[in-house]
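The values are calculated or read from the model by the stated rules, or taken from the named source; none is laboratory data. Model, not experiment: these values are computed from the prediction. What goes into the accessible areas is simple: the full protein's heavy atoms, side chains included, and nothing from ligands, DNA or RNA. Shrake-Rupley method; radii C 1.70, N 1.55, O 1.52, S 1.80 Å.
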Amino acid sequence: MPKEQTFAPVYQIDARGADAGAVERIRGVLAQHAKAIAGQGKAMQSAQRFQSTGVA
């Protein structure tokens, strides 16, 4: 079985001058983005597993 690959995006955002609320909103958006990427990765793994074995 192939080794599981991981993906960890790194963001560098210049938020100088932003208030705390704006920073928290940015963090929330990035957290949602990370969850979406993780979900896509799981779906891709499942599709690849199904394609190679016929079992989901």
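Select from the range 1-17 the residues that are open to solvent by 100 Å² or more (accessible area, probe 1.4 Å) and either hydroxyl-bearing (Ser, Thr, Tyr) or closer than 17 Å to Ala31 by Cα (or both) and write down the one among them that is modelled with the highest pLDDT.
Ranking the candidates gives Gln12 first.
Go through the range 1-51 and give me each residue that's of a type in the set (A, V, I, L, M, F, W, C) and either at positive phi or part of a loop (DSSP other than H, G, I, E, B) (or both).
Keep residues of the range 1-51 that are of a type in the set (A, V, I, L, M, F, W, C), which gives 1, 7-8, 10, 13, 15, 18, 20, 22-23, 26, 29-31, 34, 36-38, 43-44, 47, 50.
The answer is Met1, Phe7, Ala8, Val10, Ile13, Ala15, Ala18.
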